[in-house]
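**Q** Sharing a structure, written as structure tokens. Questions coming.
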Amino acid sequence: MGNPETNPVQEPKQPRVREYVNYIVGGLIAWGLIGWGLDLLLDTRWIVFLGALLGATAGMFLARHHLRHRRRGFSPDDEIDQ
């Protein structure tokens, strides 16, 4: 068929590992910072770990959800707000 680099509509067969990592790291950072802030406010030490775990779990869920429900054949030229 066609090379995925030359045909932007066709998706590569391999999983999007980089996208998974971005979602997980983003969740870790966001919820870790929220947990860190709550630790400072409540004078505890354990909420930051709970926030990081929650963020990593939410990141994995979002990555799987977005990869499963991605619109096929969508190109940047099809933007609604043009």
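**Q** Which numbered condition trips up F74, out of (1) at pLDDT 95 or above; (2) of a type outside the set (S, T, Y); (3) assigned to a loop (DSSP other than H, G, I, E, B)?
**A** Every listed condition holds for F74 apart from (1).
**Q** Restricting to segment 9-44, and then to whatever is loosely packed, with under 13 Cβ neighbours inside 10 Å and within 22 Å of the chain's Cα centre (by Cα), can you tell me which residue is modelled with the lowest pLDDT?
**A** My answer is K13.
The values are calculated or read from the model by the stated rules, or taken from the named source; none is laboratory data. Everything numeric in this text was worked out from a predicted model, so none of it was measured. Reconstructed Cβ throughout: ideal geometry from the backbone, glycine too, with neighbour counts over all protein chains shown.
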